[in-house]
Every structure is written in C-alpha cells, then in structure tokens.
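Taking it in order: structure first as structure tokens, then the write-up.
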Amino acid sequence: MDARRFAPATGRNREPILALLARVVPAGARVLEIAAGSGEHACFFAERLPVAEWQPTDPDADSRASIDAWRAHAPSERVAPALELDVTDDTWPVADADVVVCINMIHISPWEATLGLVRGAARVLPPRGVLFLYGPYRRAGAHTAPSNAEFDASLRARDPRWGVRDLEAVEQVARDRDFELEEVVAMPANNLSLVLRRLHARA
C-alpha cells in the first residue's frame, strides 16, 4: 500500500518557495522542517538545495508515514527519516539546525503552536540562523485579499483556535526570542514568506 499523501498546493508553491530558500539556505546547512505534512516539500527541496541534511518532522503518524513513503519513492540521502515533533514540547528531538522551515502550519494550529515554534527555533538555531515561515497573514490588522478573509472564516469555523495570524503579532513573538524579521516576500495565492534571522546565541 502506498502511504504517500499528495497536497495540491505543493505543486503550486514549491518553485517560488525554492527560489527564496536558495537565497537564504547556506551550502551545507542542516535544515529542520516543522509540520512537514505529506513530505513532498522535503524531497523536492533537499534534492535542489546544497544542504547536508533535511530533517522532516510532524506530530501526526500518518504524515510521518507519508514522508517516509516519499523518501522511498524518490530516494535521497539528504532527507532523514521523519521524526515525531510537537512544537509545544520543551524538548525537541533535534538539538541544533542551521535553518528551521515551517510551511502552512501557523494558521491551522492554536496560537500556542506559534509560540512553541519560535521558542524551539530559538533553542536550536545558532546566531544568524534562519527561521523561514510561509503562509497567509494579515497585515496591519487587515487581510491581504478577500479570499484570505474567507479562508480565515472557514478555519475558525472548523476550530476557533485556528485562523490567519497578524504578521505583526508573529514578528513580535519572534523579536521577543531574539529574532529579526529580515524579509517579507509576496508569494502565490496571497501568501507571504517571512525570513527571520537569529541575532545572538541559542536560548
């Protein structure tokens, strides 16, 4: 039985995300991916970026099975076996990384997950390490497109703890953990990429 999952959005966003990651991921980097989902991004990016290792993680067992099935389907020595990781845990199974990548998680998880993500990234990243976030955001309290407002309403109807976050709120959480928002890049389907840079030593 093929355990691979297929996320249609991956086919639409992976090339623009790759182009941005190619600018901010240094050669030989160890990349930790949070909430890797199907695993399609992990296999796609790891083969096209000069990374030493791409470590996918997800709290969901079926997602981890999909990640490992993608690894088997498109073998890559750079993609490590999927690990279980809950961002809200105070201890992660990965102690250090050069880059932390998190795509389309913040809006489909409670706010506590964002807090845990930034807190954990501060623990594992060195000075000048990168925290890369991708997804929809509000800016100055307003949605960037009507479709994002509709998406936000649908998310909150599914779970009131979910929803499109304010970019400024995420930036403040990151700033409190010694990250600097280096770049905000407009992406397909009214999404944004945030490049956050760790300023000093690990937390």
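The values are calculated or read from the model by the stated rules, or taken from the named source; none is laboratory data. Bear in mind the structure is a predicted one, so any value in this text is a computation, not a measurement. Note that we place each Cβ from the backbone using ideal geometry, even for glycine, and neighbour counts take in every protein chain shown.
Observations on the structure shown:
- The single condition from (1) in a loop (DSSP other than H, G, I, E, B); (2) closer than 18 Å to SER193 by Cα; (3) touching a helix residue (DSSP H, G or I) at 6+ places or on another chain (Cβ under 8 Å); (4) not small (Gly, Ala, Ser) that PRO26 fails is (3).
- Residue match in region 118-136 (condition: surrounded by fewer than 19 Cβ atoms within 10 Å (Cβ to Cβ) and of a type in the set (Gly, Ala, Ser)): no
- From the options ILE34, ILE17, residue that is of a type in the set (Val, Ile, Thr) and farther than 20 Å from GLY120 by Cβ: ILE17
- Residue in region 91-106 that is touching a Leu at 6+ places or on another chain (Cβ under 8 Å), over 21 Å from VAL24 (Cβ atoms) and among the aromatic types (Phe, Trp, Tyr) present: yes
- Take the conditions (1) of a type in the set (Lys, Arg); (2) buried (at least 19 other Cβ atoms within 10 Å of the Cβ); (3) touching a residue at least 60 places away in the same chain (Cβ under 8 Å); ARG165 misses just one of them, which is (3).
- Within region 168-195, the residues that satisfy the criterion of being acidic (Asp, Glu) and part of a strand (DSSP E or B) are GLU180, GLU182, GLU183.
- Among all residues of region 133-143, there is none that is modelled with pLDDT of 95 or more and part of a helix (DSSP H, G or I).
- Condition check for CYS43: modelled with pLDDT under 95 and either outside any strand (DSSP E or B) or under 12 Å from the mean Cα position of the chain (by Cα) (or both): yes
- Odd one out for MET1, checked against (1) at pLDDT 95 or above; (2) surrounded by fewer than 23 Cβ atoms within 10 Å (Cβ to Cβ); (3) part of a loop (DSSP other than H, G, I, E, B); (4) not aromatic (Phe, Trp, Tyr): (1)
- Restricting attention to region 52-78, the residues that are in contact (Cβ under 8 Å) with a residue 40 or more places away in the chain and either touching a strand residue (DSSP E or B) at 6+ places or on another chain (Cβ under 6 Å) or more than 22 Å from ASN104 (Cα to Cα) (or both) add up to 2.
- Within region 136-151, residues that are within 19 Å of SER109 (Cβ to Cβ) reach partners that are assigned to a loop (DSSP other than H, G, I, E, B) and hydroxyl-bearing (Ser, Thr, Tyr) with beta carbons closer than 9 Å, at six or more positions or on different chains, in the pairs PRO136/THR144; TYR137/THR144; ARG138/THR144.
- Residues satisfying the stated conditions in region 147-203, i.e. touching a Gly at 6+ places or on another chain (Cβ under 7 Å), charged (D, E, K, R) and farther than 27 Å from ALA95 by Cα: ASP152, ARG156, ASP166
- Consider region 1-45 and keep the residues that are of a type in the set (Lys, Arg) and touching a residue at least 12 places away in the same chain (Cβ under 8 Å). The one that is farthest from VAL118 (Cα to Cα) is ARG4.
- Residue check, SER147 assigned to a strand (DSSP E or B) and of a type in the set (S, T, N, Q): no
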